[in-house]
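Student: Let me give you the structure first, and then I'll get to my questions.
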Amino acid sequence: MTVFDRLDATHDPTVHSWLAAANESGCAFPIQNLPFGIFRRARSAEEFRGGVAIGDQIVDLAALAQADLFSGDAATAIRAGSRSSLNALMQLGPQFSGALRHALFAALKRGSGHESALKECLVAQADAAFSLPAQIGDYTDFYISIHHARAIGRQFRPDNPLLPNYQWIPIGYHGRSSSIGVSGQRFARPQGQKKAAGAGNPTVGPSERLDYELEMGIFIGTGNPQGTAIPLEDAENHIFGLCLLNDWSARDLQAWEYQPLGPFLAKNFATTISPWVVTLQALAPFRVPFSRPERDPQPLPYLESASNRRAGAIDIRLEAYIRTAKMQQRDEPAQRLSRTSLRHAYWTISQLVAHHTVNGCNLRPGDLLGSGTQSGPTAAEAGSLVELSQGGSEPLQVGSDETRTFLEDGDTVTFRAWCQRPGAVTIGFGEVSGSVLPAANPGSSTAPG
Ligand code: MN
């Protein structure tokens, strides 16, 4: 198997779960999804452990390991998944996570003989607190929306928006894993150096151009030994699954610091991801062809394959919402800022893995790749405020009587994602939310929140 687009019994749209909530229209987590996360009961001192979302519940993998219902690869995967991070399960590879998917699908479907045993292993999602899905060793953020790259490039370099390497290389930079948090993260507005256009010298202070970036995260499963490359055809065997990712960005810090080595303090103060990781197996029905405009350079051989052309891209619908402090006080709902799809990306997730390792760089289980901001072909599909507000020159109407160019203290940004197509059951990623707190006092070592 080269691209995970093969459908099997776990994608059968006619199968329902004995858990009624999993069958409701609009439910992100039907039996065809089964994403993984790390959780414990909220306000408890329990150990964090792996879980699988079904309807409004979580199958507790530690409890399932105790119940000892399964054997073989599925049992091995359950034991690995019952630990406090998913790294061990990720390392096992798709044979094991796939076996667990098939075992859970059979146990959760209507008429299963395991119904009463599984019910003993359920925890309500409403009662759960989440942790990061994995111990993230290394984090790399890519830049795979050409629409975003062109829009940002026009603002930062009006004479030269798209640099010549963009259409040849999946551009990326090494980010920082220490400040990645799970949905619900609250962080202080970053401070740093910025230099206004025309100003003689930079100043230091709180960012005045704080932004979000609408991205997907890609969790690496099985790693590769240092000195070896993962060929494009094998790349998906090394990808565990996808989550939502918000790459918070301080545009004023970024504009001053980014040349010549790329993003640094503008990006590494906070990154927020969703608690649920949707596996490549669950995404199989939503694969779409990868294509390039004929006038563009075509990928070099190590980034080119027939299966990547056939089904390398994924149609994941993405939405960004804002809710200001005032909207929260007035009990107004979050407002959608934009929507787009991962299908518009210039590179596929397989190409990211093949490129990242072409030099012999070793990826490890639980490493995280960010897709880069996902902006679609039209202006309304922009995945960041710096694009939506034209670099801060066109304020957006927000709620009943506010405007935004960039984020203000008390703002909460939420992303949602789902996949749908005729003939398949719609699956979701849930959501990722994060909130901006006022800048900490300079020199303060007290953690925010
Ligand atoms: Mn980014």
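The values are calculated or read from the model by the stated rules, or taken from the named source; none is laboratory data. What you see is a predicted model, and the numbers here were worked out from it, not measured in a lab. Ideal geometry is used to build each Cβ from the backbone, glycine not excepted, and the neighbour counts take in all protein chains shown. Ligands, DNA and RNA are excluded from the accessible area calculation, which covers all protein heavy atoms including side chains. Shrake-Rupley method; radii C 1.70, N 1.55, O 1.52, S 1.80 Å.
Student: Could you state the angle between the C-alpha long axis of helix 94-108 and the longest principal axis of the C-alpha atoms of the chain, as a value from 0 to 90 degrees rounded to the nearest 10?
Tutor: Once rounded, one gets 60 degrees.
Student: When N counts the residues of segment 180-240, how does its alpha-carbon radius of gyration compare numerically with 2.2 N^0.38 Å, as a ratio?
Tutor: Cα-based Rg divided by the globular estimate yields 1.89.
Student: Okay, next question. How big is D for segment 62-106, in µm² s⁻¹ as a whole number, if Stokes-Einstein is applied with the Kirkwood radius of its Cα pairs at 10 °C and 1.306 mPa s?
Tutor: Using the Kirkwood radius from Cα pairs, D works out to 156 µm²/s.
Student: P(r) for segment 1-88: what percent of alpha-carbon pairs falls in each 10 Å bin, starting at zero?
Tutor: The calculated distribution, bin by bin, is 16, 38, 37, 8, 0.
Student: State the extension gain, in nm to one decimal, for the chain segment bounded by Cys361 and Ala42, taking 0.36 nm per residue of separation less the distance between their alpha-carbons.
Tutor: Using 0.36 nm per residue and subtracting the Cα-Cα distance, I get 111.0 nm.
Student: For the chain, compute Rh as the Kirkwood radius over C-alpha pairs and then the Stokes-Einstein diffusion coefficient at 10 °C and 1.306 mPa s; write the answer in µm²/s, rounded to an integer.
Tutor: 71 µm²/s
Student: Along the Cα-to-C-beta direction of Lys119, a point sits 7 Å from the Cα; which residues of segment 39-57 have their amide N less than 18 Å from that point?
Tutor: 54-57
Student: According to the Cα gyration tensor, what semi-axes, each the square root of 5 times an eigenvalue, does the equivalent ellipsoid of segment 239-363 have, listed from largest to smallest in whole Å?
Tutor: Result for segment 239-363: semi-axes of 31, 22, 15 Å.
Student: Please state, rounded to one decimal and in Å, the Kirkwood hydrodynamic radius that segment 356-405 gives when every pair of distinct Cα atoms enters the mean of 1/r.
Tutor: Kirkwood radius, segment 356-405: 13.9 Å.
Student: Provide the FRET efficiency to the nearest 0.05 for the Gln259-Arg295 pair, computing r from the beta carbons and using R0 = 22 Å.
Tutor: That pair, Gln259 with Arg295, gives E of 0.15.
Student: Right, something else. Can you check what the Kirkwood hydrodynamic radius comes to for segment 295-449, Cα pairs only, in Å to one decimal?
Tutor: 18.6 Å
Student: From Cα pairs below 8 angstrom and at least 6 apart in sequence, can you work out the relative contact order of segment 1-107, rounded to a whole percent?
Tutor: 21 percent
Student: Pulled fully out, how much extra length does the chain show between Arg110 and Lys195, if you take 0.36 nm times their separation in residues and subtract their Cα-Cα distance?
Tutor: 24.4 nm
Student: If you roll a 1.4 angstrom probe over the protein chains with everything in place, what fraction of the accessible area of segment 278-416 belongs to carbon and sulfur, to the nearest %?
Tutor: Ligands and nucleic acids excluded, carbon and sulfur reach 47 percent.
Student: Taking one equal scatterer on every alpha-carbon of segment 206-261, how large is log10 of I(q)/I(0) by Debye at q = 0.30, 0.31 1/Å?
Tutor: Those come out to -1.14, -1.18, one per q.
Student: How many percent of all Cα-Cα pairs in segment 115-255 sit more than 22 Å apart?
Tutor: Here the tail beyond 22 Å accounts for 58 percent of pairs.
Student: Contact order normalised by length for segment 309-449, with contacts defined as Cα pairs under 8 Å and 6 or more residues apart; what percent is it?
Tutor: Relative contact order, segment 309-449: 24 percent.
Student: Computed from the mean reciprocal separation of all distinct C-alpha pairs, what Kirkwood hydrodynamic radius does segment 33-150 have, in Å?
Tutor: Result for segment 33-150 stands at 15.2 Å.
Student: Nearest 10 degrees, 0 to 90: what angle lies between the long axis of helix 72-81 and the longest principal axis of the chain (Cα atoms)?
Tutor: 40 degrees
Student: Something else: Quick one: Debye curve from the alpha-carbon atoms of segment 283-322 only, equal weights, vacuum; give me log10 I(q)/I(0) at q = 0.18, 0.19, 0.31 Å⁻¹ to two decimals.
Tutor: -0.62, -0.66, -1.06
Student: At 1.4 Å probe size, with every protein chain present, just tell me what the per residue accessible area of the chain comes to in Å².
Tutor: For the chain, the solvent-accessible area averages 41 Å² per residue.
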